[in-house]
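As structure tokens, the structure follows; a few thoughts come after it.
No lab work stands behind these numbers, since they all come straight from the coordinates. Computed from a prediction, not measured in an experiment: that's the story for all the values here. Cβ sites come from the backbone with ideal geometry, for glycine too, and all protein chains shown count toward neighbours.
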Amino acid sequence: MALATRLQQPLEDKTPADITSNLPSLQFESALGDDEKQFQYLRKRAHCLTVTSCAQATYLVSILNEARCLFTFLITYLFFCLQAWF
């Protein structure tokens with residue numbers, strides 16, 4: 001019963017507090033002008049595009065590596081088959 005009671009209670013947030021929350025001079029947005037603040041959403045979008053591009057590049061490299069290994073195996077197999085045939 002005690003375990004069920006503990007599980008129903010909300011968990012305390014144990015994440016460390018942001019020490020720069022009350023220091024606006026240390027935050028990224030403090031150096032931006034009014035006209036630049038309207039483009040803050042582009043920063044998040046650029047980050048998402050960068051992460052997605054890196055993931056796609058990693059996937060493409062893995063596919064090319066598998067294709068290279070498969071091609072090498074097939075060439076080696078054909079070489080030995082033709083060598084045994086003659």
**OP:** Could you calculate the FRET efficiency of Phe39 with Ala67 from 1/(1 + (r/R0)^6), where r is the beta carbon distance between them and R0 is 30 Å, rounded to 0.05?
**Re:** 0.15
Subject >> Loop-located chymotrypsin sites (Phe, Trp or Tyr not before Pro) in the range 22-57 whose Cβ has at most 11 other Cβ within 10 Å (DSSP) >> reply: Phe39
